[in-house]
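Step one of this worksheet: look at the structure below.
The values are calculated or read from the model by the stated rules, or taken from the named source; none is laboratory data. The shown structure was predicted, so the numbers you read here are calculated from the model rather than taken from an experiment. Please note: Cβ atoms are built from the backbone with ideal geometry, for glycine as well, and neighbour counts cover all protein chains shown.
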Amino acid sequence: MNQKSYDVVIIGAGIVGSMVARELSKYQLSVAVLEKEADVGMGQSTSNSAIIHSGHDPEPGTMKARMNVRGNELWYQIAPELDIPLVNTGALIVAVGAEEQAGLQPLLERGRENGVKGLEILTREQVLEMEPHLSPDVTGALSTPTAGVVDAFQGVLGAAENAATNGVEFILNAEVRGAVVEDGVLKAVETTQGRVAATWFINAAGVHSDEILHMAGDRPEFEITARRGEYFVFDDSKFRVNNVLFPMPSEKGKGILVTTTTHGNTMVGPNSDSISDKEDHAVTEHGMHEILHGATKLVPSVSPRDVIATFAGLRATGNYKPGGHGKDFLIEVSSAVRGLINLAGVESPGFASSPAIAEYVAELLKGEGVTLTEKADWTATRRRIPRFKEMDHVQRAAIIERNPAYGRIVCRCEEVTEGEILQAIHSPIPATTYDAIKRRTWLGTGRCQGSFDYPRTMEILARELGMSMTEITKKGPGSVFLYRQTKEEVV
Ligand SMILES: Cc1cc2nc3c(=O)[nH]c(=O)nc-3n(C[C@H](O)[C@H](O)[C@H](O)COP(=O)(O)OP(=O)(O)OC[C@H]3O[C@@H](n4cnc5c(N)ncnc54)[C@H](O)[C@@H]3O)c2cc1C
């Protein structure tokens, strides 16, 4: 069998795997990322609240607290380097009533202990002036000015593309299904694309990270439970909020929040339901009621009539048996098998923490004796595909002059051109499915929800990838649009 071999193999191309890939791409190492889906960022990293939390919430002394506070700081440096939309909105943890109001001071002290800067308790009047849509029942709020809102997909893609440009190999549609352990050393993994060997494996497989541990013979007692969170997205012409608005936290988590995304749509959610199927992204009637109830407590004018989309994400919550790690991230060099680093149970605030986790992985490797020699030609920057819709007339004329494909509009609602689609297909992490193009260009997200652009986009994909139209998929194997030619004989 043709076996590939690397210094480091990362399992999973979510934000954690992609940030680790980018970090390790700084050094003279051969690195590959194995991802079971047809694109990067198909897991929880792109179905979440997309908040760069300040770090006020995690228990002091935990990995969550440490990684979140450092990650928050790093995001504001990395986002401009990678052209990732990130808005430093700040967040308010809003109290309603005397009991909740009394909880603000301990929350402030916890945040300060974690090292979060700028925390302040605001009066009812200050809060209502900042956020006029808030309920008049509000009694005060904790302000966390370092929090922000990020474009989650661009976050993953930015890190992954930059890593790829710096030499990391992304192997998509490669699901890890087995491990080869010899004399207590993890030597290789079996994937749907063959065996892949490495000196070090980084387990960043999200809700499936417990399965990777178990394949390698590590921590049989550790399990991931998928905790589903559902959301409503509102038309961008409806109301917006300036800060991220959180209710007071409870034992279930940070609660149902109200936020305006970097695209300008206000979004509410998530609830929290433990489910047995780790791929079940269904949105439920019960969930919708729960979210509306939670959101209207903060913003009474939230109405289901203005909802344009719903979605759900699955949190990778670690279940630690007695004597385990509490509710913390499980970030460690495996003590059961040599050659494995686990980044498991990375639920919220994992997105915010991801650059710090990546930095820490490099430290762990160094501590294990791996030589990290910096590359002389490493490049820190990456640019997004320029959006035709956002260009003025002069810029449009210039880009069409250089490349006539920019003169052909494929998606009318969002004004996405063939030029942008071609860039997505021929980018460092090539878009090979309809959804991969949609997520890179924003095509199909407007009022007609893709009904105009589908066939044309499929034609372009088929032409550029040398495939037939019946092979083009929405999001990878098992999601073809067309089963056969209209006049094909069916036997
Ligand atoms: C509802 C919700 C709200 C959240 N809100 C926030 C927030 O506002 N701020 C914040 O900081 N965090 C938030 N989080 C948490 C955050 O999304 C996660 O901590 C983060 O995305 C974890 O990234 P990851 O790369 O570990 O996981 P994932 O994004 O799930 O990536 C894991 C990858 O591994 C791949 N994979 C799995 N098994 C295999 C296999 N066998 N072989 C190959 N590949 C495999 C998957 O396909 C996937 O792409 C939220 C999460 C949810 C669900």
* To do: Identify the residue in the range 335-371 that is more than 16 Å from the ligand (Cβ to nearest atom), of a type outside the set (Gly, Ala, Ser) and in a loop (DSSP other than H, G, I, E, B) and, among all such residues, is farthest from residue 319 (Cα to Cα).
  => 371
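So that you can scan it fast, the table gives a plain yes or no per residue for (1) within 11 Å of the ligand (Cβ to nearest atom); (2) within 30 Å of residue 80 (Cβ to Cβ):
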residue: 119; (1), (2): no, yes
residue: 128; (1), (2): no, no
residue: 206; (1), (2): yes, yes
residue: 216; (1), (2): no, no
* Do any helices (runs of 4 or more DSSP H) entirely within the range 51-162 hold 2 or more residues that are outside the structural domain of residue 245 (by TED's automatic domain parsing) and touching a Phe, Trp or Tyr at 6+ places or on another chain (Cβ under 8 Å), and if so, which? -> 63-82
* Structure fact -> Counted residues in the range 233-251 being surrounded by fewer than 23 Cβ atoms within 10 Å (Cβ to Cβ) and under 16 Å from residue 48 (Cα atoms) come to 1
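Would you mention how many residues in the range 398-415 are at negative phi, buried (at least 16 other Cβ atoms within 10 Å of the Cβ) and assigned to a loop (DSSP other than H, G, I, E, B)?
Filtering the range 398-415 for residues at negative phi gives 398-414.
Then keep just the ones that are buried (at least 16 other Cβ atoms within 10 Å of the Cβ); that gives 399-400, 405-406, 409-411, 413-414.
Okay, now just the ones that are also assigned to a loop (DSSP other than H, G, I, E, B), so 413-414.
Total meeting the criteria: 2.
To keep it simple, each residue is scored yes or no on (1) more than 12 Å from the ligand (Cβ to nearest atom); (2) in contact (Cβ under 8 Å) with a residue 12 or more places away in the chain; (3) of a type in the set (Asp, Glu).
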| residue | (1), (2), (3) |
| --- | --- |
| 48 | no, yes, no |
| 52 | no, yes, no |
| 62 | yes, yes, no |
| 66 | yes, yes, no |
| 83 | yes, yes, yes |
| 94 | yes, yes, no |
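Could you list all residues from the range 275-290 that are out of contact with any Asp or Glu (no Cβ under 6 Å at 6 or more places or on another chain) and within 12 Å of the ligand (Cβ to nearest atom)?
Taking the range 275-290 and keeping what is out of contact with any Asp or Glu (no Cβ under 6 Å at 6 or more places or on another chain), we get 275-282, 284-286, 288-290.
Within the range 275-290, 275, 278, 279, 281 meet the criteria.
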* **Residues located in the range 30-46, provided they are in a strand (DSSP E or B) and within 12 Å of the ligand (Cβ to nearest atom)** => 32, 33, 34
* Structure fact -> Reported set for the range 14-29 where residues are more than 7 Å from the ligand (Cβ to nearest atom) and either of a type in the set (A, V, I, L, M, F, W, C) or free of Cβ contacts under 8 Å to residues at least 60 places away in the same chain (or both) is 19, 20, 21, 24, 29
* If you go through the range 236-259 one residue at a time, do you hit one that is free of Cβ contacts under 8 Å to residues at least 40 places away in the same chain, assigned to a helix (DSSP H, G or I) and either assigned by TED's automatic domain parsing to the domain that holds residue 22 or more than 10 Å from the ligand (Cβ to nearest atom) (or both)? -> no
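Mind checking which residues of the range 262-285 are closer than 23 Å to residue 245 by Cβ and outside any strand (DSSP E or B)?
Taking the range 262-285 first, the residues closer than 23 Å to residue 245 by Cβ are 262-273, 283.
Selection gives 262, 263, 264, 265, 270, 271, 272, 283.
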* To do: Consider only pairs whose beta carbons are under 7 Å apart and that are at least six residues apart or on different chains; among these, list those whose first residue lies in the range 269-295 and is more than 19 Å from residue 225 (Cβ to Cβ) and whose second residue is polar (S, T, N, Q) and within 12 Å of the ligand (Cβ to nearest atom).
  => 291/271
